[in-house]
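The values are calculated or read from the model by the stated rules, or taken from the named source; none is laboratory data. These numbers were taken from a predicted model, which means no experiment stands behind them. As a convention, Cβ positions derive from the backbone with ideal geometry for all residues, glycine included, and neighbour counts pool all protein chains shown.
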Amino acid sequence: MHAVGRSLRSRNYRLFFAGQSISLIGTWLTRVATAWLVYRLTHSALLLGVVGFAAQIPTFFLAPIAGVWVDRWDRHRVLVVTQVLAMIQSALLAAFAITETITVLDVAILSAMQGIINAVDMPARQAFLVEMIEDRDDLPNAIALNSSMVNGARLVGPSLAGVLIAAVGEGWCFAIDAVSYLAVIASLLAMHVERRGHVRTTRRVLAQLYEGLAYVAGFAPIRAILLLLAFVSLMGMPYTVLMPVIASDVLHGDANTLGWLMAASGLGALVGTLYLASRRSVVGLGRVNAIAAAVFGLGLVAFSRSRVLPLSLVLMLITGSAMMIQMAASNTILQTIVDEDKRGRVMSFYAMAFFGTVPLGSLFAGALAERIGAPDTILAGGVVCIIGAAVFMRELPELRRLVHPIYVRRGIVPATADANGIVPADASPAEIAPVGP
């Protein structure tokens, strides 16, 4: 199979990819319809932010504890339960909206409910990914394909939502989303999974949470990757919140201008994931991670200075691509080097760093933009991303040295390779043979 889709050779992942591709389009229908519904009911940008905050902030507080549960429970069963609960949440939104009894409080409560579900679902989904892949060498490709799936849905879902909202209203977007969950639930139930079973332990949840935190803080490569990701998510990602201001006040456009900017960012993200999917090895991703973070920051700096739409669209394409490469590269490296018994907890910190910091960053960006303006706020975020990338790049040689034994043990690089994955020219065939499982 072609290199870009090689992880689809695994039956379980192929099922998951098919079901999730359908479900994600429904997810984007709900995201767009929820925002439109709240604004239609209130005409308040503040309440838009409050509902968005309610949907995202549970990940920041609950994901680390959820990671402990994910390491204890059968991850496949956890995902079935979270998808069923998410389907019920969308069905409730649909019922209230179609009967025209929905209020903003209902939307906020149900959005918070989805946020709680996501706080468990995200680390479980990330940790279960390795169990779906038959060949561990295909794991980087699977992570990249996951990201391409999200961004493909991101291109289709919002435009479809606009048509449906105009034709039949927001409620039917929620209803379609509820039905779309059946696809991913069916794909999960159709998998042939070796039951992991409940990990019996007498240790308390907080003790295991502390163990996971100590592991993340004590192993420099994991710590550095998560810190860079958190910096980028906290200071760089909130540019999306300020896009309406850029489209209207800076570029002097309308809703169509905003749509073009977001579409360019989404297309760039899709291109970035296809690049990662074409890579055959995790070796060298540390450098890719640092470069992508720096390019993302530089793109934001240039975007903040642009005053014409064509240039802004090109810069959005670049920033969207760099952002997705940095996120997916971080995920791939973490999934490769983490100890199996701590996978759920590490991926919960990944979810916290990537998704959980976004609502905090959005609040900070909104407050800063009130004082210095949206362009300068985006500029400041870009500069912080560049600084973070420079610090990570400076530490990269030492991080490679620490990760190298893991790559050798897992057969990713030959035993004679150096920390950069380079094999001496005079190495014998016996020396070049990979070691470890």
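Summed over segment 35-77, the residues that are polar (S, T, N, Q) and over 22 Å from the mean Cα position of the chain (by Cα) give a count of 2.
Residue-wise test of (1) surrounded by 14 or more Cβ atoms within 10 Å (Cβ to Cβ); (2) assigned by TED's automatic domain parsing to the domain that holds Leu402; (3) modelled with pLDDT of 85 or more.
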site	(1), (2), (3)
Phe174	yes, no, yes
Leu188	yes, no, yes
Val199	no, no, no
Glu211	yes, yes, yes
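Summed over segment 234-249, residues that are of a type in the set (Val, Ile, Thr), assigned to a helix (DSSP H, G or I) and within 10 Å of Ser362 (Cα to Cα) total 1. Taking the criterion of being over 18 Å from Gly171 (Cα atoms) and touching a Phe, Trp or Tyr at 6+ places or on another chain (Cβ under 7 Å), the residues of segment 75-103 that qualify are Arg75, His76, Leu79, Gln83.
When you look at Glu134, is it assigned by TED's automatic domain parsing to the domain that holds Ser348 and either part of a helix (DSSP H, G or I) or at pLDDT 80 or above (or both), yes or no?
Details: assigned by TED's automatic domain parsing to the domain that holds Ser348: no; either part of a helix (DSSP H, G or I) or at pLDDT 80 or above (or both): yes.
Against the criterion (assigned by TED's automatic domain parsing to the domain that holds Ser348 and either part of a helix (DSSP H, G or I) or at pLDDT 80 or above (or both)), Glu134 does not qualify.
Taking Ala390 as the residue in question, decide whether it is in a helix (DSSP H, G or I) and closer than 21 Å to Gly284 by Cα. Yes: the conditions hold for Ala390.
When you check Ala290 against the structure, is it closer than 20 Å to Ser330 by Cα, in the same structural domain as Ala374 (by TED's automatic domain parsing) and at pLDDT 95 or above, yes or no? For Ala290, the condition - closer than 20 Å to Ser330 by Cα, in the same structural domain as Ala374 (by TED's automatic domain parsing) and at pLDDT 95 or above - is met. Look at segment 312-324: where a residue is in the same structural domain as Thr273 (by TED's automatic domain parsing) and a partner is in a helix (DSSP H, G or I) and among the β-branched types (Val, Ile, Thr), sitting 6+ places away or on another chain with Cβ atoms under 6 Å, you get Ser321/Val271; Ala322/Val295; Met324/Thr273.
For residues that are among the hydrophobic types (A, V, I, L, M, F, W, C), over 18 Å from the mean Cα position of the chain (by Cα) and farther than 22 Å from Val68 by Cα, tally how many sit in segment 112-144. Quick ask: steps written out before the conclusion?
Filtering segment 112-144 down to residues among the hydrophobic types (A, V, I, L, M, F, W, C) leaves 112-113, 116-117, 119-120, 122, 124, 127-130, 132-133, 139, 142-144.
Of the ones still in play, those that are also over 18 Å from the mean Cα position of the chain (by Cα) are 112-113, 132-133.
Of the ones still in play, those that are also farther than 22 Å from Val68 by Cα are 133.
The qualifying residues number 1.
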